[in-house]
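Written out below as structure tokens is the structure these notes cover.
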Amino acid sequence: MLIDVKRLQPTLILLSFIMFIQAAQAQDWANLKKYQQQNSQLTPLTQGEKSVVFMGNSITEGWKNIRPEFFEGKPYVNRGISGQTTPQMLIRFTQDVIDLRPEAVVILAGINDIAGNTGPTTQKMITDNIFAMAKLAKAHNIKVLLCSVLPANDFPWRPGLEPAQKVIDLNDELKAFAKEHKITYVDYFSAMVNEQNGLKAELGSDGVHPNTAGYLVMEPILEKALDKTLKR
């Protein structure tokens, strides 16, 4: 029996793509306990120090790699994991935020959900997960800083999805939630967006992730918000 390879080629390509996505997702879910050992080794704070946990994805994780000086000498705990979506963050939120008993948590999440890193995700699913993290923190007397998703109008790893309007819509909901629940909204988007509703070229390395210049824009915005929040 002869097999028509040309006719099978589209199917083989699709199967290869599905296997690639499944492998990537499996690897990402395995990162849920990435910081377990580091969490157990955190040293006690000195009197008067107020720790801040940064919960997020590669934008948060890359922050400490690209701008280590921003974190040095401060009670900042970076708990970003590259590629993660909001359900994954919610699963590890207790061990990577609540159990550390910080004064505040900075939540920057949502862009990987829009990209579909763990499958198709509706905006309601994204907001439900982010809002659940915020409510969980508040229930444990942890102050919340809810960050806007950074602008993006394309994904280098998921080309063709056109995320710009989805980012805007998600940020509108995050801002409204923050106002309703009297928590701090950190607006990176307005300072970093270009005329095409994407990330300004000079502030990012690939249209999604900030470079040094991008983080230098984000840092004073966050520090102003942190200063205000921690004084409440």
Notebook entry, point to check: Cα atoms only, the range 49-230: Rg and Dmax in Å?
Noted result: 15.0, 46
Check: GNM, the chain, Cα, under 10 Å: largest mean-square fluctuation among Ala213, Ala104, Ala134?
Finding: Ala213
Item checked: Proxy reagent accessibility, fewest Cβ within 10 Å first, across Ile130, Ile81, Ile221 -> Ile221, Ile81, Ile130
Check: Label His140 and Glu69 with points 7 Å out from Cα along Cα→Cβ: what is the distance between them in nm?
Finding: 3.3
Check: Which residues' amide hydrogens lie under 5 Å from the amide hydrogen of Val77, considering only partners 5 or more residues apart or on another chain, with H built in the peptide plane?
Finding: Val52, Val53, Phe54
Check: In terms of modelled amide H atoms, which long-range or inter-chain residues lie less than 5 Å from the amide H of Val186?
Finding: Leu146, Cys147, Ser148
Notebook entry, point to check: Which ³J(HN,Hα) values in Hz, rounded to whole numbers, follow from the phi angles of the range 134-139 under the Karplus curve 6.51 cos²θ - 1.76 cosθ + 1.60, where θ = phi - 60° and Gly and Pro get x?
Noted result: 5, 5, 5, 4, 4, 5
Next item on the list: Take the alpha-carbon positions of the range 108-189, form their convex hull, and give its projected area averaged over all directions (one quarter of the hull surface) in nm².
Entry: 5.2
Note to self: At a 10 Å Cβ-Cβ cut-off, how would you order Arg92, Arg79, Arg158, fewest neighbours first?
What the structure shows: Arg158, Arg92, Arg79
Notebook entry, point to check: Which value results for Rg/Rh of the range 140-223 when Rg is the Cα radius of gyration and Rh the Kirkwood radius based on the inverse mean 1/r?
Noted result: 1.00
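Taken together, the values in this text are just the output of simple stated rules run on the coordinates, not laboratory data. This one's a predicted model, so the numbers in the text were calculated from it and none came from an experiment. Heads up, the Cβs are rebuilt from the backbone with ideal geometry, glycines too, and the neighbour counts pull from every protein chain shown.
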